[in-house]
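See below for the structure under consideration.
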Amino acid sequence: MIQLLENPLRIGLQQERTPEPLILVIFGASGDLTMRKLVPAIYHLKQQRRLPPELTIVGVARRPWSDDYFREQMREGIENFSDGIGAEPLWEDFAKGLYYCAADMDDIEGYRKLDALLSELDIQRGTRGNRVFYLAVAPKFFPEAIAKLGEAGMIKDATKTRLVIEKPFGRDLSSCQELNQVVQTACDERQVYRIDHY
């Protein structure tokens, strides 16, 4: 029998905090990381009622998927790599917030198309312009994606946008410094979260 232990980092917290409504944009949405780890983990938080009802996830990748196909893929990931869907109405509510935008990371037009979709979803889903851009792509794509997000003006608001960089942040000191220069040109340091596997 498995015994669940209380999270020691939560000891002393006076209240549960639910994040503000937001759009989570996942670059690399057709990849393994999104299907196996990210969306199942987010759905688990939904099951625990730790997410705002307006949470919206927009997957971005090159594959010409539809919103419905993206939803099917994410459901499959949740069923295969977590505890499963559970209550069907909960899944249906979660799936209503899943969208997909086909775009190339090196094409500024794809970012403009994405920006238009996000503006539309802000109104439709009530997300108030709050956005997190999660780079779940190969590290070689980081500089281009960050530069294009900056060029498109999508990460200029330091109070409403965040950038999450997944995987190794550079191969060595010099490549890390080069990538950091790109980041600092595009946005403010307080907007950036780095997740390094080392």
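The values are calculated or read from the model by the stated rules, or taken from the named source; none is laboratory data. These figures come from a predicted structure and were not determined experimentally. When we count neighbours, we look across all protein chains shown, and the Cβ atoms used for this are built from the backbone with ideal geometry, even at glycine. We work out accessible area using only protein heavy atoms, side chains counted, and drop any ligands, DNA or RNA first. Shrake-Rupley method; radii C 1.70, N 1.55, O 1.52, S 1.80 Å.
Quick notes on this one:
- Segment 150-175, subset touching a strand residue (DSSP E or B) at 6+ places or on another chain (Cβ under 6 Å) and under 19 Å from I57 (Cα atoms), residue modelled with the lowest pLDDT: E166
- Residues (part of a loop (DSSP other than H, G, I, E, B) and either of a type outside the set (A, V, I, L, M) or in contact with a Cys (Cβ under 9 Å, 6 or more places away or on another chain) (or both)) located in segment 140-157: G153, I155, K156, D157
- Residues satisfying the stated conditions in segment 158-195, i.e. assigned to a loop (DSSP other than H, G, I, E, B), open to solvent by 70 Å² or more (accessible area, probe 1.4 Å) and within 30 Å of R128 (Cβ to Cβ): T159, K160
- Annotation for segment 128-143: no member residue is farther than 30 Å from C176 by Cα, crowded, with 16+ Cβ neighbours inside 10 Å and free of Cβ contacts under 8 Å to residues at least 60 places away in the same chain.
- Pairs meeting the criteria (first residue in segment 169-198 and in contact (Cβ under 8 Å) with a residue 40 or more places away in the chain and at positive phi, second residue assigned to a strand (DSSP E or B) and of a type in the set (F, W, Y), beta carbons under 6 Å, at least 6 apart or on different chains) are lacking.
- Residue match in segment 113-121 (condition: of a type in the set (A, V, I, L, M, F, W, C), surrounded by fewer than 16 Cβ atoms within 10 Å (Cβ to Cβ) and modelled with pLDDT under 95): no
- Candidate set from segment 88-106 (those that are touching a residue at least 40 places away in the same chain (Cβ under 8 Å) and open to solvent by 60 Å² or more (accessible area, probe 1.4 Å)); member that is farthest from A147 (Cα to Cα): D104
- When residues of segment 1-29 are limited to those that are open to solvent by 30 Å² or more (accessible area, probe 1.4 Å) and within 19 Å of L118 (Cα to Cα), the one modelled with the highest pLDDT: L22
- Hits in segment 55-72 - residues which are surrounded by fewer than 19 Cβ atoms within 10 Å (Cβ to Cβ) and within 25 Å of Y111 (Cβ to Cβ): R62, R63, P64, W65, S66, D67, D68, Y69
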